[in-house]
1. I need the full set of residues from segment 66-87 which are of a type in the set (Phe, Trp, Tyr) and free of Cβ contacts under 8 Å to residues at least 24 places away in the same chain, in order please.
2. Which condition from (1) modelled with pLDDT of 95 or more; (2) open to solvent by less than 20 Å² (accessible area, probe 1.4 Å); (3) not small (Gly, Ala, Ser) is the one that Asn69 breaks?
3. Only residues that are in a strand (DSSP E or B), among the basic types (Lys, Arg) and either without any contact (Cβ under 8 Å) to a residue 24 or more places away in the chain or open to solvent by less than 30 Å² (accessible area, probe 1.4 Å) (or both): list them for segment 88-138, please.
Amino acid sequence: MAQSGDVYNIEIKEVHMNWGTKRQTQNRESVAGEGYIPIPAQKAKLFDIFNSNALKSTNPKTSEKLGVNLFDCYDQNGFVGKVKATGTSQAGDVYAKQFSGSGNLKLIGTWFQKNNISAGDWIEVSWINATQIFIKKI
């Protein structure tokens, strides 16, 4: 499980900023303003950042039940909102590949806009504690 002091940096691309209109899947209508923050696979494994598949799985490292994938997200202005660690690079995998707004897929897209994030900018994601993250443009 991620803990205070864990951190990763990620370059933001156009697809991350405009997920609602740039995504490859066509299982629902396009929605402007949706965005997400990617989680590199090696960091997801290192920090045990799990998706919802983990709710019915055990940690391969410890055999303990998994399930933490909801985080309070903060930035320099305070509380941004609740984010979920979601997605997977292959069916059934327990490691997440992105942070997106929990119940609000526009949460991260709005944060990108408010913070003047453009494709090519870098974001730092750091852990305050096991269930709270801090995001900033670097």
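The values are calculated or read from the model by the stated rules, or taken from the named source; none is laboratory data. Remember, it's a predicted structure, so these values are computed and weren't measured experimentally. For neighbour counting, all protein chains shown are included, and Cβ atoms are generated from backbone atoms with ideal geometry for every residue, glycine included. In case anyone asks, the SASA skips ligands and DNA or RNA and just uses the protein heavy atoms, side chains included. Shrake-Rupley method; radii C 1.70, N 1.55, O 1.52, S 1.80 Å.
1. Phe79
2. Answer for Asn69: the failing condition is (1).
3. Answer for segment 88-138, where residues must be in a strand (DSSP E or B), among the basic types (Lys, Arg) and either without any contact (Cβ under 8 Å) to a residue 24 or more places away in the chain or open to solvent by less than 30 Å² (accessible area, probe 1.4 Å) (or both): just Lys137.
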